[in-house]
């Protein structure tokens, strides 16, 4: 029966695009952090929406589950098999065409397997900006970005992935194709169905293409590395710079001293902009049309006023693009620099970020004296990556998670801000979601995927 199924899939996508050998399938069966690994019957690599639909229909007939996979850069185990039943990995990497670009409508239509950086580049060449920006943008794919409702550094100004989408094309669990590829900014004709699939982590259907919003290309930027005494002053600095700079404030990233030390230890060529004993830093970016010199002057004025108000103790403003890239290299290297530890992707209201940092740190210190904390992230939208310890602490992950998540819950926050639930938080979410919310999610799942074939064992 397995051989018949494999032959049927090969007849749809071609034998070379059905991977069964251990060496070929290994990268698809293991997540990026190497925390989850399970085998599936095969990896299937379709090249069109029609092929995806045909494969899904065959899987529905054979009762074989489907794990949609993009660039496999996720951090919650959502894009790899669970190993609990018959399943395949459906790699969307060959669906990598940009189907259309409409500069007058400011839209770009891309297939799910397009690498995020390729979409950014295509928009740039058309004199436009696609605002979604992540550390993994050179390898992550837009289908995965939308399936996890990715965030990144530009959420402060442009919103999450779901805010960058006007329309979707989705293969449903029975193999039918919903063509919702509409480039409309106003369409008040019923339920906004695309939002069901964005953030659903492939549990309701397979996103195969999307109409994405573009923005005017930004021609000027100014970046600064700022030392602050504590997260409270960082949040007050955010408010100050928003008043001083308005919507030009595109990114506002918080980093603890421990993160900077980890980066410079891993990559000695990366220079610490403000060597010393500062405990906390903020990386700020302004972006606009016009002249970078004008933006830099505005940023310098805002920082001078912030210093006078006691919000910033020191700062370095990048003089050119090379210095700006050097500052961002620090932020982008942080995840790699503390690769193996207990990671958290959490959010609270921006005003309560300082309280979260303090509350979680105190609780962790009481339970695990001397534990190292690596706190960084998008404080401009309340999203922190609150990472704890080193690889030796992974055995106590459940205990550490409970401490951090209880602190988040007490402040009205979320245990998953942008990485999704996947396998990592599937059970934990039951402690934090209202039972009615969970029931409504299950109702949607049963309605669209009654056979539980789409990415089973993830989310709910």
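Derivation of every value follows stated rules applied to the coordinates shown; laboratory data play no part. Everything numeric here is computed off the predicted structure, so don't read it as measured data. Cβ: placed from backbone, ideal geometry, glycine included. Neighbour counts: every protein chain shown.
If R0 is 30 Å, what FRET efficiency do you get for residue 185 and residue 220 from their C-beta distance, rounded to 0.05?
The computed FRET efficiency comes out at 0.70.
When you count, for each residue, the other Cβ atoms within 10 Å and take the mean per peptide, how do 36-45, 240-249 rank with the highest first?
36-45, 240-249
Tilt of helix 116-125 relative to the longest C-alpha principal axis of the chain, in degrees (0 to 90, nearest 10)?
It works out to around 70 degrees.
For 108, 156, what ranking results if the residue with the fewest other Cβ atoms within 10 Å of its Cβ goes first?
Listing 108, 156 from fewest to most nearby Cβ atoms yields 156, 108.
Pairing the Cα long axis of helix 435-448 with the longest principal axis of the chain, what angle in degrees results, from 0 to 90 and rounded to the nearest 10?
In the chain, helix 435-448 runs at an angle near 40 degrees to the longest axis.
For the chain, give the share of DSSP beta bridges that are antiparallel, in percent and rounded to the nearest 5; count only bridges with both residues there.
85 percent
Residue separation times 0.36 nm, minus the C-alpha to C-alpha distance between residue 126 and residue 332: what's the value?
That works out to 71.5 nm of additional length.
So how do 169-175, 330-336 stack up, highest first, on mean other-Cβ count within 10 Å?
Result, highest mean first: 169-175, 330-336.
Return a whole-number percent for the relative contact order of the chain, with Cα pairs under 8 Å and 6 or more residues apart as the contact set.
So the answer I get is 16 percent.
Let a ≥ b ≥ c be the square roots of the eigenvalues of the Cα gyration tensor of region 25-183; is it rounded (a/c under 1.5), or, if not, prolate (a/b larger than b/c) or oblate?
oblate
To the nearest 10 degrees, how steeply does helix 49-62 sit against the main Cα axis of the chain, on a 0 to 90 scale?
Helix 49-62 sits at roughly 60 degrees to that axis.
Set the Förster distance to 35 Å, then compute FRET efficiency between residue 366 and residue 438 from the Cβ-Cβ distance, nearest 0.05.
The pair residue 366/residue 438 has a calculated efficiency of 0.65.
Can you tell me which of 220-227, 138-145 comes out highest on packing, and rank the rest after it, using the mean Cβ neighbours within 10 Å?
138-145, 220-227
Separation between the residue 2 and residue 99 pseudo-spin-labels, each 7 Å from Cα along Cα→Cβ, expressed in nm?
3.6 nm
For a test of the definition: using alpha carbon positions, the gyration tensor, and the 1.5 limit on a/c, classify region 220-334 as rounded, prolate or oblate.
Verdict is oblate for region 220-334.
For region 128-200, what is the convex hull volume of its Cα atoms per residue in Å³?
Spelled out: Cα convex hull of region 128-200, divided by residues, is 114 Å³.
Under 8 Å for C-alpha pairs, at least 6 residues apart: give me the relative contact order for region 2-91, rounded to a whole percent.
Rounded, it is 34 percent for region 2-91.
Give the shape of region 2-91 as rounded, prolate or oblate, defined through the alpha-carbon gyration tensor: a ≥ b ≥ c are the square roots of its eigenvalues, a/c under 1.5 means rounded, and otherwise the shape is prolate if a/b is larger than b/c and oblate if not.
Taking the square roots of the gyration eigenvalues as a ≥ b ≥ c, region 2-91 is prolate.
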